[in-house]
Amino acid sequence: RGSGRFFIGGNWKCNGTIDSVTKLVDELNAGSVPSTVDIVVAPTFVHLERVQRTLKGPFQIGAQDCWVSKGGAFTGEVSAEMLHDMGIPWVILGHSERRSLCREDDELVGMKCEYALSQGLKVIACVGETLEQRDSGHMWDVLDAQLAAIARHTSMDHWVDLVIAYEPVWAIGTGVVATPEQAQASERLEGPGAACEVHAHVRKWIAQNVGPEVADTLRILYGGSVNEGNCGTLANLEDVDGFLVGGASLKGPSFIDICNAQN
Ligand code: PEP
């Protein structure tokens, strides 16, 4: 397990109306969360300012993506320096939906990470394999290539501001989260079982390729169908330093329960 604070991210994706965002913020503000956990929610760009104005601490705010370099003639994009200027501390980069739907490749994600870090943002960098990659035996190559691109671009002194989210694509939004017992009993590890083996692998890879000090402190989050029912089990897994939550982060009471997963 990394030596940093437990971390919970909530990725609201492309969801929300003024009414629903107001309700969600009210629910979060009314909830009780431990002061020992870093909590970051990521609304859409258009809702960032409202959430920043209304959401109280200890909740922090993140964006779901940003441009790969300095802003300018890049229609439709939002730059890292704009987010920093607005006082948005975090950004999610390399989410599997951006990798698959917007064709972001490993190299672009690595470059985005370093540019955002260089502009003073903290980064949640996502990695993860598809079911096809897992079943065809390419999972470790895919993960290593994703990590290598991030490592190739990230300066040594920026690692302190980066967390890695391992999100197996087959577990995102699918409800597929096996119990550790099931995982042990089955040939192919799923859900928490997969989280255990991959998280251990990621930490080892970082130790060997970046450095043991970085690996010791790096927070490695698990993402994929985390909810209020399974978060307690997941929080106890070796090398799981927190979660990146999609669907359940849109429900205030569920997300508050997940923030209390360690209790
Ligand atoms: C995600 O997309 O980051 C995610 C983990 O989604 P869900 O929790 O809905 O599986």
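The table below gives the values:
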{"quantity": "Over region 58-135, equivalent-ellipsoid semi-axes from the Cα gyration tensor in Å", "calculated": "23, 15, 10"}
{"quantity": "Lysine-lysine proximity count for the chain, Cα under 28 Å, sequence distance 8 or more or distinct chains", "calculated": "17"}
{"quantity": "Surface/4 of the Cα convex hull for region 206-257, nm²", "calculated": "4.1 nm²"}
{"quantity": "Rel. contact order, % - alpha carbon contacts under 8 angstrom, at least six apart, region 6-259", "calculated": "20 percent"}
{"quantity": "Cα centroid of region 47-71 to Cα centroid of region 113-138, whole Å", "calculated": "20 Å"}
{"quantity": "Theoretical ellipticity at 222 nm over the chain - DSSP helices of four or more residues, -39500 (n - 2.57) apiece, nearest 500", "calculated": "-12500 deg cm²/dmol"}
{"quantity": "Volume in Å³ per residue [convex hull over Cα atoms, computed for region 1-132]", "calculated": "140 Å³"}
{"quantity": "Residue-by-residue Karplus 3J(HN,Hα) for region 255-260, coefficients 6.51, -1.76, 1.60, Hz, glycine and proline x", "calculated": "5, 4, 4, 5, 5, 9"}
{"quantity": "Mean shadow area of the chain over all directions, Cα convex hull, nm²", "calculated": "13.0 nm²"}
{"quantity": "Per-peptide average of other Cβ atoms within 10 Å, ordering 79-86, 254-261, 239-246, 113-120 highest first", "calculated": "239-246, 254-261, 113-120, 79-86"}
{"quantity": "Cα-derived Rg over Rh, computed across region 18-73 with Rh taken as Kirkwood radius", "calculated": "1.05"}
{"quantity": "Hull volume in cubic angstrom per residue (convex hull over the Cα atoms of region 64-109)", "calculated": "79 Å³"}
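Each value in this text was obtained by applying a stated rule to the coordinates, not by laboratory testing. This is a predicted model, so every value here is computed, not measured. A quick note on method: Cβ atoms are made from the backbone with ideal geometry, for glycine too, and the neighbour counts reach across all protein chains shown.
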